[in-house]
Structures are given as C-alpha cells and as structure tokens.
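None of the figures in this text is laboratory data; all of them are computed from the coordinates on show. This one's a predicted model, so the numbers in the text were calculated from it and none came from an experiment. Here the Cβ positions follow ideal geometry from the backbone for every residue, glycine too, while neighbour counts run over all protein chains shown.
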Amino acid sequence: VFRSKLEFFASAKVSTSFPHPQLPEIAFAGRSNVGKSSLLNALTRQWGVVWTSDKPGFTQTINFFKLAEKLSLVDLPGYGFAYAKEEVKDAWEELVKEYVSTRSSLRRVCLLIDTKWGMKPRDHELIELMERSRKPYQIVLTKTDTISSIDVARRAMQIQENLKLSKSLVEPVMMVSSKSGAGIRSLRTVLASIARF
Ligand code: GTP
Ligand code: MG
C-alpha cells in the first residue's frame, strides 16, 4: 500500500470539517518539530505532498492524505510549540484531542518522540487520552541519526519499560530516521497491516 500514490484530500481547523471516516486511518502525533511531516514523506517515498519545515509549529491544521482507497494518513499539528500565541496553542491542542478521542476510523496513533529529548509531560497527557478513549497507539522514536546507537537503544528500553507497567493499548516502540532511512521499512511493514485489503 505504501507504493500507492499519496493524495491530499482534506484539511481541518475545526472538528466539524473532518472528512467522513471512510478508510482505516493512522495519525502521526507529537511535539512540534519532532518530524511528523518528514516521516510521512519517508514512509511513502513521496516528497512534496506533505510539507515540512525547520520552523516549529509549521503544520497548523489536521491534514488528511490517502494511499489508493486503502489507507488514510493524518498529519497532526504539533503541540508544545513555545513561540505560538497561547490561544493558538490551546486551539491546536483541543483540535488534536478532539480528533483522537472522537475519530471512529482511527486505527493507530503513532506518537513521535525525538530520541534525543525523550518524553515530555504533553506526551504523557496524550497517552492518557488514548488509553481513556481506547485508541491503539505506538511510540516512534525519531531522528535516530542525531545520537549514538547506544543512546538510541537505551532510550527505547527506558520508554518500553516505563509504558509496559501501566499501559494496555501500547504497541512496541519503533525507531526511525527519516534522514538516513533507518527503521523506515520496518515501520512501513507494521503500518501496512492496518490498510484495507
Ligand atoms: P510541526 O509541523 O511543526 O509540528 O513539525 P513536524 O513534526 O511535522 O516536523 P517536520 O517533519 O517538519 O521536521 C522538522 C525538522 O526536523 C525539519 O528541519 C526536518 O528536516 C528535521 N528532521 C525531520 N526528520 C529528521 C531526521 O530523521 N533526522 C534529522 N536529523 N532531522 C530530521
Ligand atoms: Mg508538520
């Protein structure tokens, strides 16, 4: 399914403009600048459909993409962006929370964590919300090219241990670099199993 052409089909700033839930959906969530949009590009090997930026807070709406008529991929706006105005920040966060808790076609949330910085309070808040609303999710450690592989492994183990004790809907931690391509194939395989046949 990841060989299919990636098509943009909707963008939403408010929950009333979410498109009708038709395809199984995977969402990419996480702090601003962790590499959500870049990961979508790397997974689909299609650059230019999803826009990325080195400026945090770049993606400000929920953007819906699809692969053939089999899978929908959703690029969420990042949270925790320090420079945005308070009211703008709150609006994005509310939008993301509303999306995660109400979207009926949502099959998996990939929660992206920058390997170098690890998990922050906002990430834990989102995990609580996913547990409460019974949404399966998985942690994807990003930008693994920026630190040593020993530190990457250490970070993954630390998170895995931490979550396995108390959480029920969490899938195994994956590690990727959109820059070097490391781990992208494995993640693609895992996510492809969610697509419609
Ligand atoms: P927002 O839309 O602001 O929430 O950010 P985002 O999470 O979509 O991040 P985006 O994909 O736009 O990437 C942010 C920055 O990180 C860009 O400068 C990317 O080039 C860089 N980046 C993304 N993935 C990687 C990676 O695997 N390794 C490295 N070194 N940099 C990366
Ligand atoms: Mg983005």
Legend entry - Amide H within-cut-off set for Arg108, under 5 Å, with H built and near neighbours excluded: Glu25, Ala27
Inset, instruction - Would you mind classifying region 1-120 by shape? Square roots of the alpha carbon gyration tensor eigenvalues, ordered a ≥ b ≥ c; an a/c under 1.5 is rounded, otherwise it is prolate if a/b is larger than b/c and oblate if not. - result: oblate
Inset, instruction - Treating cross-link reach as a plain straight distance, find the lysines whose alpha-carbon is under 27 Å from the alpha-carbon of Lys167, omitting any fewer than eight places away in the same chain. - result: Lys36, Lys97, Lys116, Lys120, Lys135, Lys143
Legend entry - Per DSSP, loop GluC sites (Glu not before Pro) in region 116-197 with at most 15 further Cβ within 10 Å: none
Inset, instruction - For region 49-197, build the charge dipole from Cβ charges (+1 Lys, Arg; -1 Asp, Glu) around the Cα centre, then report which of Ile194, Ser180, Val152 sits farthest towards its positive end. - result: Ile194
Inset, instruction - State the extension gain, in nm to one decimal, for the chain segment bounded by Lys120 and Ser105, taking 0.36 nm per residue of separation less the distance between their alpha-carbons. - result: 2.7 nm
Inset, instruction - In whole angstrom, note down how far apart the Cα centers of region 14-33 and region 46-72 are. - result: 10 Å
Legend entry - region 39-100: GluC sites (Glu not before Pro) falling in loop per DSSP and having at most 16 other Cβ within 10 Å: Glu69
Inset, instruction - Tell me the trypsin sites (Lys or Arg not before Pro) within region 1-65 that lie in a loop according to DSSP and have at most 14 other beta-carbon atoms within 10 Å. - result: Arg3, Lys5, Lys13, Arg45
Inset, instruction - Report the normalised scattering of region 42-97 as log10 I(q)/I(0) at q = 0.14, 0.24, 0.26 Å⁻¹, calculated by the Debye formula with identical scatterers on the alpha carbons. - result: -0.45, -1.00, -1.09
